[in-house]
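Working notes, structure below.
The values are calculated or read from the model by the stated rules, or taken from the named source; none is laboratory data. If you're wondering where the values come from, they're calculated on a predicted model, not measured in any experiment. Cβ sites come from the backbone with ideal geometry, for glycine too, and all protein chains shown count toward neighbours.
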Ligand code: GTP
């Protein structure tokens, strides 16, 4: 099966991490997030992926190449200006090779999901749907657009964020489209899939179905969610085909230099960095080429590549990024990530 990955967004909610690195290229458990997603797609029958890229697209071209290193074929569809989620799908569709009636998987590039995409495709085929959306049940749907369905699972509406959502099921960012339906998206324009394409298809009477699940799902778009996704992956609460959980329940890059009496805990991830003695790293992500001075405490924080943390600094709930950025010795920075 062919897939389109939507990976061209600017990831503004993850600033400053995404000022230098696009969201899907941020490392989670030692590899760029996109590698976990390619592994997931491959496990679910995807053999050819069109990457819809725009923001900092050279990093994707360099890392992914033609996909051989990942065991899939990868083609890159570059948008000079980001075209929005549906505009990007339309732009990428010129590289698809499937027949008009065949299903195409479309994945947001910032989702970690354990749902069975093969079942989603089977439902799509069985219902002869034009598009089948993965819907996930959340505890509180108020911050999201919600998607009510009839008893059989046929989508009835797309409701914007509201204080009183009609259902707990929200769009989980993984769609199966019948190839020919993509041609109904206007070409060369900025188009949003949630706000424009889905409501328009529904209004025109196209059958849209829901594949509902309550399996593991997270959108890594905010610092808190990014930290949680990394921890869940490192601790094995989410299985990624490209990461083997270690018995320590933490991840430490093989080239990291770790000083004496260092404690790395609670699903932390440490890249190829230098960690001084008597350091505590708890529930945190430390990127590559970071220097952490001795006696520092880093809790519930994300430290980007190339940052320097002075001796004895205490950091909790903060994101620090930017090559050459340094935190003074013995300083305290407390935030609510
Ligand atoms: P924020 O700026 O923090 O909202 O993040 P974002 O830019 O990633 O936007 P959002 O989370 O809404 O995007 C969902 C998915 O669609 C992500 O995987 C984005 O990379 C992708 N995406 C969003 N806009 C575009 C676009 O214009 N072109 C392409 N190719 N992908 C996009």
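Of all residues in the range 1-15, those satisfying the criterion of being more than 6 Å from the ligand (Cβ to nearest atom) and either closer than 30 Å to residue 179 by Cβ or touching a strand residue (DSSP E or B) at 6+ places or on another chain (Cβ under 7 Å) (or both) are 1, 2, 3, 4, 5. Looking at the range 247-337, the strands (runs of 3 or more DSSP E) lying wholly inside it that each contain 1 or more residues that are surrounded by 18 or more Cβ atoms within 10 Å (Cβ to Cβ) sit at 263-265, 280-282, 297-299, 314-316. The strands (runs of 3 or more DSSP E) found wholly in the range 169-221 and carrying at least 2 residues that are assigned by TED's automatic domain parsing to the domain that holds residue 116, crowded, with 23+ Cβ neighbours inside 10 Å and in contact with a strand residue (DSSP E or B) (Cβ under 8 Å, 6 or more places away or on another chain) occupy 169-178, 208-213. Annotation: of all residues in the range 155-166 being crowded, with 18+ Cβ neighbours inside 10 Å and assigned to a loop (DSSP other than H, G, I, E, B), the one that is nearest to the chain's Cα centre (by Cα) is 158. Scanning the range 16-28 for residues that are within 26 Å of residue 48 (Cβ to Cβ) and more than 6 Å from the ligand (Cβ to nearest atom) returns 21, 22, 24, 25, 26, 27, 28.
For the range 141-154, the candidate set comprises residues that are more than 20 Å from the chain's Cα centre (by Cα) and in a loop (DSSP other than H, G, I, E, B); within that set, the residue that is surrounded by the most Cβ atoms within 10 Å (Cβ to Cβ) is 147. Checked against (1) assigned to a loop (DSSP other than H, G, I, E, B); (2) out of contact with any strand residue (DSSP E or B) (no Cβ under 7 Å at 6 or more places or on another chain); (3) at pLDDT below 95; (4) closer than 24 Å to residue 106 by Cα, residue 238 passes all but condition (2). What is the residue count in the range 85-116 for residues that are in contact with a helix residue (DSSP H, G or I) (Cβ under 8 Å, 6 or more places away or on another chain), closer than 19 Å to residue 171 by Cβ and within 16 Å of the ligand (Cβ to nearest atom)? Residues in the range 85-116 being in contact with a helix residue (DSSP H, G or I) (Cβ under 8 Å, 6 or more places away or on another chain), closer than 19 Å to residue 171 by Cβ and within 16 Å of the ligand (Cβ to nearest atom): 14 in total. Determine whether the range 43-53 contains at least one residue that is in a loop (DSSP other than H, G, I, E, B), touching a helix residue (DSSP H, G or I) at 6+ places or on another chain (Cβ under 7 Å) and not assigned by TED's automatic domain parsing to the domain that holds residue 286. Yes, the conditions are met somewhere in the range 43-53.
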